[in-house]
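The values are calculated or read from the model by the stated rules, or taken from the named source; none is laboratory data. Only a predicted model underlies this, so the values are computations on that prediction, with no experimental measurement involved. Cβ: placed from backbone, ideal geometry, glycine included. Neighbour counts: every protein chain shown. The protein model used for the area step is the full one, side chains on, heavy atoms only, and it has no ligands, DNA or RNA in it. Shrake-Rupley method; radii C 1.70, N 1.55, O 1.52, S 1.80 Å.
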Amino acid sequence: KEKKPAEGRKHQNMKNDIKASQGQWGRAWEVDWFSLASILFLLMFAPLIVYYFIMSCAQYQCSLTDPLLDLLMGNKHLSDIWNSTPTLTYRAAVIYTLWVTFQVVLYLFIPDFCHKFLPGYVGGVQEGAVTPAGVVNKYEINGLQAWIITHVLWFASTSCFHFFSPTIIFDNWIPLLWCANILGYAVSTFAMIKGYFFPTNAKDCKFTGNFFYDYMMGIEFNPRIGKWFDFKLFFNGRPGIVAWTLINLSFAAKQQELYGQVTNSMILVNVLQGIYVLDFFWNEAWYLKTIDICHDHFGWYLGWGDCVWLPYLYTLQGLYLVYHPVQLSTAHAIGILILGLLGYYIFRMTNHQKDLFRRTNGNCRIWGKKPEYIECSYTSVDGTKYYSKLMTSGFWGWARHFNYTGDLAGSLAYCLACGFEHILPYFYIIYMTILLTHRCLRDEHRCSSKYGKDWKRYTAAVPYRLLPGIF
């Protein structure tokens, strides 16, 4: 919806203005038939997709077609596949409960100390962006600290004290999947109930009246328990992303156990994805200004997605390499490493340029020159008018989401490390391409509503979304 032009007033309190400004943030107020169909499809099939990928590796050496062929040709029934799938075990339940509890303790009870001795790192108490209701939440940024403590204890427990095998995650991979699903559905359901009966901020809630849409996309913008436990920050960053590197290390340990060596492809996956994870935690304060925190409400999409989809499908390359060890030629490995590092460089420098531009309000230098930008304005739910600037130089002059371009280059590198024998490890680049393209469109629809005519001026200055000259 287009904003009313400024008329010299700072506050606009009419209900129509409030609803218009609320529509500039977050998920939709109303649900069309296509959105509802998409929601129902994901709710029904996303858990099955995760199960199918993991099952295909456990029972069919990572072939995505063989299970279907077995079923179609009558060689097996669904019950045969299901009966061959490991069930939830007491051991897995204990491991997962201890894991999540430990991450909650690290998140809530150990204030960040890394920012006191790591130059350039921003941690400790930080402010998030303004919410639709005009609230500015505070966060305890301590993800890097949690990652370091977790991994130090992991190496000590597996290598020094031998409390458990480093293959423990792989050995319990499917039973842990059931635990992750239980937590994902539990937290998503609790978030919906909380949004109805005891929201953190009622003005930051959205209700469509459609149960399925509200359940998946969330009602509350920033559901919290107490002062510091923020659902979005915790589940987006912990426990799934902290676990990402541990999962890959467990896969590497299993490869060593089975074949007597860790292949260079497995090392590449561990290194490149490890860089990505460390970058996330090093820049966790910056993450507070991204679309996940600034616009997404907390529902099944984030709750279940962060518990199940992220740790199970983002690690498919390492899982694949356990079943199909690939030793790359030196030239191939170097090429993949260069692609991965180049993608990371573009991703990080593009985000750094935007962050520097925001922090200095445009009083900085990008590529040795003063940045170019377009001035724009928007109105919050309480009627307050805000002013903003959209940069049109540096990487942001090449494309409106060039950080996603770097992200996709890095994602492709992970997949290429697995060779070309199976399509399964390439799911990640296919999924990320769909996800980031859709995110581009969502973000631009939101910005168009938020900035109105100013957004048209911006897209005229920077005409491409992801690939300069192409898209």
Worksheet item: Of all residues in the range 106-121, which are within 22 Å of the chain's Cα centre (by Cα) and open to solvent by 50 Å² or more (accessible area, probe 1.4 Å)?
Response: 108
Discussion item. For the range 212-242, which positions are touching a Leu at 6+ places or on another chain (Cβ under 9 Å), among the small types (Gly, Ala, Ser) and open to solvent by less than 20 Å² (accessible area, probe 1.4 Å)?
Written reply: 218, 240
Item to complete: Confirm whether residue 321 is in the same structural domain as residue 264 (by the TED database) and closer than 30 Å to residue 170 by Cα.
Response: yes
Item to complete: State all residues of the range 184-208 that are open to solvent by 20 Å² or more (accessible area, probe 1.4 Å) and within 19 Å of the chain's Cα centre (by Cα); if no residue qualifies, say none.
Response: 185
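Hey, could you check the range 382-392 for residues that are polar (S, T, N, Q) and over 20 Å from residue 286 (Cβ atoms) and say which is surrounded by the fewest Cβ atoms within 10 Å (Cβ to Cβ)?
Initially, the range 382-392 is screened for residues polar (S, T, N, Q), giving 384, 388, 392.
After this cut, where a residue has to be over 20 Å from residue 286 (Cβ atoms) as well, the list is 384, 392.
Details: 384: 14, 392: 17.
Here the residue is 384.
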Item to complete: Take residue 315 and decide whether it is outside the structural domain of residue 403 (by the TED database) and either in contact with a strand residue (DSSP E or B) (Cβ under 7 Å, 6 or more places away or on another chain) or without any contact (Cβ under 8 Å) to a residue 12 or more places away in the chain (or both).
Response: no
Worksheet item: So is residue 222 touching a Ser or Thr at 6+ places or on another chain (Cβ under 9 Å) and of a type outside the set (A, V, I, L, M) or not?
Response: yes
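One line per residue, one yes/no per condition, for (1) at pLDDT 95 or above; (2) open to solvent by 20 Å² or more (accessible area, probe 1.4 Å); (3) of a type in the set (Val, Ile, Thr):
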site: 182; (1), (2), (3): yes, yes, yes
site: 210; (1), (2), (3): no, yes, no
site: 254; (1), (2), (3): yes, yes, no
site: 289; (1), (2), (3): no, yes, no
Worksheet entry | Residue in the range 53-71 that is more than 20 Å from residue 422 (Cβ to Cβ) and either surrounded by 15 or more Cβ atoms within 10 Å (Cβ to Cβ) or at pLDDT below 95 (or both) present | no
Practice prompt. Those residues that are within 11 Å of residue 235 (Cβ to Cβ) and within 11 Å of the chain's Cα centre (by Cα), I need them from the range 275-300; list them, please.
Written response: 292
Worksheet item: Checking residue 411 against (1) touching a Leu at 6+ places or on another chain (Cβ under 6 Å); (2) modelled with pLDDT of 95 or more, which test does it fail?
Response: (1)
Fill in: Hits in the range 411-431 - residues which are part of a helix (DSSP H, G or I) and either open to solvent by 10 Å² or more (accessible area, probe 1.4 Å) or outside the structural domain of residue 449 (by the TED database) (or both)
412, 414, 416, 426, 427, 429, 430, 431
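Give the range 122-147 a look and list any residue that's open to solvent by less than 20 Å² (accessible area, probe 1.4 Å) and either β-branched (Val, Ile, Thr) or touching a Pro at 6+ places or on another chain (Cβ under 6 Å) (or both), or say none. Walk me through it before giving the result.
Pass one, the range 122-147, residues open to solvent by less than 20 Å² (accessible area, probe 1.4 Å): 123-124, 128, 131-133, 139, 141-146.
Within the range 122-147, 131, 141 qualify.
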Response to the item:
Expected single match for touching a residue at least 40 places away in the same chain (Cβ under 8 Å), open to solvent by less than 50 Å² (accessible area, probe 1.4 Å) and in a loop (DSSP other than H, G, I, E, B) among 322, 326 is 326
Response to the item:
With criteria (1) open to solvent by less than 30 Å² (accessible area, probe 1.4 Å); (2) in a helix (DSSP H, G or I), residue 400 comes up short on (2)
Worksheet entry | Of all residues in the range 256-271 being assigned to a helix (DSSP H, G or I) and open to solvent by less than 10 Å² (accessible area, probe 1.4 Å), the one that is farthest from residue 151 (Cα to Cα) | 265
Worksheet item: Within the range 148-177, restricting attention to residues that are open to solvent by less than 40 Å² (accessible area, probe 1.4 Å) and aromatic (Phe, Trp, Tyr), which residue is nearest to residue 288 (Cα to Cα)?
Response: 154
Worksheet item: Of the residues 275, 293, which single one is of a type in the set (A, V, I, L, M, F, W, C) and either open to solvent by 10 Å² or more (accessible area, probe 1.4 Å) or outside any helix (DSSP H, G or I) (or both)?
Response: 275
Discussion item. Within the range 159-170, does at least one residue satisfy the condition of being touching a Ser or Thr at 6+ places or on another chain (Cβ under 7 Å) and free of Cβ contacts under 8 Å to residues at least 60 places away in the same chain?
Written reply: yes
Worksheet item: Going through the range 444-471 one residue at a time, which ones are surrounded by 18 or more Cβ atoms within 10 Å (Cβ to Cβ) and either without any contact (Cβ under 8 Å) to a residue 60 or more places away in the chain or in a helix (DSSP H, G or I) (or both)?
Response: 446, 447, 448, 449, 450, 451, 454, 455, 458
Worksheet item: Which condition number in (1) within 20 Å of the chain's Cα centre (by Cα); (2) open to solvent by less than 30 Å² (accessible area, probe 1.4 Å) is the one that residue 45 fails?
Response: (2)
Response to the item:
Within the range 75-100, the residues that are surrounded by 11 or more Cβ atoms within 10 Å (Cβ to Cβ), part of a helix (DSSP H, G or I) and hydroxyl-bearing (Ser, Thr, Tyr) are 96, 97
